[in-house]
Amino acid sequence: MEMNANYTSFVAVGDSFTEGMSDLLPDGSYRGWADLLAGRMAARTPGFRYANLAVRGKLIGQIVDEQVHVAAAMQADVITLVGGLNDTLRPKCDMGRVRGLLEEAVEKLAPSCRQLVLMRSPGRNGPVMERFRPRMEELFGYVDELAARHGALVVDLYGSEVLGDQRMWDVDRLHLTAEGHRRVAEAVWQTLGHAAEEDWRALLPPAVLPGWAVRRVGDLRFARQYLGPWVARRLTGRSSGDGRPAKRPELLPYEDPRS
């Protein structure tokens, strides 16, 4: 394990969380924590290269089939792998299969890079997520086991109180806001051994809750626009990422999209 090293390249592997939804840029594309982290690393290292293979909606089997071998072949200094959570949110989930595929991914990626980084993903508070919490915690327990076995780092976002705050989540209640992604980037930055630039765990000011009627209208809008289509895709085996290419498929010098 090389802490605070001068890393020259970074490959991100995963699903919508790593693709950067819902950190929307003016041109309609998504930024997200991985882009923010790459920008920080590039500022320290001239010629820094970055690839982001993540595609929204991908299950761990698809990540293994479509991203892991590509990422391993890039021989990057840092690889982040976040996957399996979409599996746990399906109506039926074979956790034994999920564990086996995650192990396959880690065994392939760990020897191919200087530092593999895994995550315990953030969990939004609320009744929908409570149903799936036992599966999520089983997944994250196995992430810890694999990290210990293969010398990977683990960024523990799941235990963060502030990332459970509903104000850190977009209106779809499934993806982090720009502020949430910014804090995740800081958490990974610190886990890699760099000096803290802020306290990513700092709580938000106390919330002022809207009235009951406003909350009910919001709940109905969420159910119609997001929850219904999300459930329908899971029941039919479809994914929001079907046919969508990788966000940044080649390991190329990083350029800030805002510059």
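The values are calculated or read from the model by the stated rules, or taken from the named source; none is laboratory data. Because the structure is predicted, anything quoted here is derived from the model rather than measured. Every residue, glycine as well, gets a Cβ built from its backbone with ideal geometry; the counts of neighbours run over all protein chains shown. The protein model used for the area step is the full one, side chains on, heavy atoms only, and it has no ligands, DNA or RNA in it. Shrake-Rupley method; radii C 1.70, N 1.55, O 1.52, S 1.80 Å.
Only one of ALA38, ALA43 is farther than 29 Å from GLU138 by Cα, open to solvent by 20 Å² or more (accessible area, probe 1.4 Å) and in a helix (DSSP H, G or I); which? Can you show your working first?
Numbers: ALA38 fails: open to solvent by 20 Å² or more (accessible area, probe 1.4 Å).
One residue alone meets the criteria, ALA43.
Identify the residue in segment 111-163 that is open to solvent by 20 Å² or more (accessible area, probe 1.4 Å) and among the aliphatic types (A, V, I, L, M) and, among all such residues, is farthest from THR177 (Cα to Cα).
ALA148
Determine if segment 97-109 includes at least one residue that is in contact (Cβ under 8 Å) with a residue 24 or more places away in the chain, β-branched (Val, Ile, Thr), open to solvent by 60 Å² or more (accessible area, probe 1.4 Å) and part of a helix (DSSP H, G or I). Give the steps one after another, and end with the answer.
Of segment 97-109, the ones in contact (Cβ under 8 Å) with a residue 24 or more places away in the chain are 97-99, 101-109.
When the remaining residues are screened for being β-branched (Val, Ile, Thr), the result is 98, 106.
Subsequent filtering for residues that are open to solvent by 60 Å² or more (accessible area, probe 1.4 Å) retains none.
Within segment 97-109, none of the residues are in contact (Cβ under 8 Å) with a residue 24 or more places away in the chain, β-branched (Val, Ile, Thr), open to solvent by 60 Å² or more (accessible area, probe 1.4 Å) and part of a helix (DSSP H, G or I).
Quick check: is even one residue across segment 51-60 modelled with pLDDT of 95 or more, in a strand (DSSP E or B) and crowded, with 19+ Cβ neighbours inside 10 Å?
Yes, segment 51-60 has at least one match.
Do you know which residues across segment 82-96 are in contact (Cβ under 8 Å) with a residue 12 or more places away in the chain and either open to solvent by 40 Å² or more (accessible area, probe 1.4 Å) or among the charged types (D, E, K, R) (or both)? Full working, then the answer.
First pass over segment 82-96, keeping only residues in contact (Cβ under 8 Å) with a residue 12 or more places away in the chain: 82-91, 93, 95.
ASP87, ARG90, PRO91 - these are the residues of segment 82-96 that are in contact (Cβ under 8 Å) with a residue 12 or more places away in the chain and either open to solvent by 40 Å² or more (accessible area, probe 1.4 Å) or among the charged types (D, E, K, R) (or both).
Can you tell me how many residues within segment 124-157 are at pLDDT below 95 and either more than 18 Å from VAL82 (Cβ to Cβ) or in contact with a Phe, Trp or Tyr (Cβ under 7 Å, 6 or more places away or on another chain) (or both)?
Going through segment 124-157 one residue at a time, the tally reaches 8.
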